[in-house]
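All remarks here apply to the structure that follows.
The values are calculated or read from the model by the stated rules, or taken from the named source; none is laboratory data. Just so it is clear, the structure is predicted and the values come from calculations on it, not from any experiment. Cβ: placed from backbone, ideal geometry, glycine included. Neighbour counts: every protein chain shown.
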Amino acid sequence: MMNKYYKNNSMEMPHKMLVNFIDNNPDVKTVIDLGCGAGKDSRFLAKRNIKVTAIDRVDVTNFLYKGLEENERENINFIQSKFSEAELPKSDMVISYDALPFVKKEVLPEVIEKIYNSLEDGGYLLCDFWGKKDSWYGDEKTVFLEKEEIEELLKKFKILKLREVEQDGETALHLIKHWHTFWIVAKKI
Ligand SMILES: C[S@@+](CC[C@H](N)C(=O)[O-])C[C@H]1O[C@@H](n2cnc3c(N)ncnc32)[C@H](O)[C@@H]1O
């Protein structure tokens, strides 16, 4: 099941909003991908010649470097670690897609503080959180937040974008579910 998830996840395209963001912010040179999974976003960044610290508690190295040229591979440094235990290097940007909802609610403020401290001044956080109208709401291992809770968590940042989206869509295992997602772009000020 786990391997199937990573296999499917490895074939997905990078997040469109990340691609747009990088197109419009060519000064971003160093990125941390927190919860990189099979690495669709890390690979995209590596191909743009951005240095990526890819972090995941699962050893995803079988998937992470797939299809990359040697010089692109060298752009990704993988660290196998839980977010709460990882040492985060100083970076221009942190991305964390579909990963922070799996951090225990009581640990989340600590992880967000860690992200904040790892960013250069003016650095960006691109991430998502999930809301209570999501089909998975009620799952004990997953955190669902209200908009106000997200604003409180990110109070040290300037929130540039907080876009709430509800739509039916596929999971990596090709099941249809209702997604309730808050897409975030925030800046360290
Ligand atoms: C649903 S996948 C998303 C992968 C990728 N970011 C993407 O958007 O395709 C979530 C990943 O986050 C990792 N993860 C979740 N919680 C974590 C934690 N507390 N510490 C380290 N990794 C974590 C999981 O192992 C998994 O690979």
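Taking the range 22-46 only, how many residues are within 16 Å of the ligand (Cβ to nearest atom) and either over 18 Å from Y124 (Cβ atoms) or more than 14 Å from the chain's Cα centre (by Cα) (or both)?
Qualifying residue count for the region: 7.
Which residue, of E146, E140, E151, E120, is out of contact with any Phe, Trp or Tyr (no Cβ under 9 Å at 6 or more places or on another chain), without any contact (Cβ under 8 Å) to a residue 24 or more places away in the chain and either under 27 Å from I22 (Cα atoms) or surrounded by 15 or more Cβ atoms within 10 Å (Cβ to Cβ) (or both)?
Details: E146 fails: either under 27 Å from I22 (Cα atoms) or surrounded by 15 or more Cβ atoms within 10 Å (Cβ to Cβ) (or both); E140 fails: either under 27 Å from I22 (Cα atoms) or surrounded by 15 or more Cβ atoms within 10 Å (Cβ to Cβ) (or both); E120 fails: without any contact (Cβ under 8 Å) to a residue 24 or more places away in the chain.
After ruling out the rest, the residue left standing is E151.
Residues checked against (1) touching a strand residue (DSSP E or B) at 6+ places or on another chain (Cβ under 9 Å); (2) at pLDDT 95 or above; (3) within 16 Å of the ligand (Cβ to nearest atom):
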{"residue": "I95", "(1), (2), (3)": "yes, yes, yes"}
{"residue": "K105", "(1), (2), (3)": "no, yes, yes"}
{"residue": "K114", "(1), (2), (3)": "no, yes, yes"}
{"residue": "L126", "(1), (2), (3)": "yes, yes, yes"}
{"residue": "S135", "(1), (2), (3)": "yes, yes, yes"}
{"residue": "G138", "(1), (2), (3)": "yes, yes, no"}
{"residue": "K161", "(1), (2), (3)": "yes, yes, no"}
{"residue": "D168", "(1), (2), (3)": "yes, yes, no"}
{"residue": "H174", "(1), (2), (3)": "no, no, yes"}
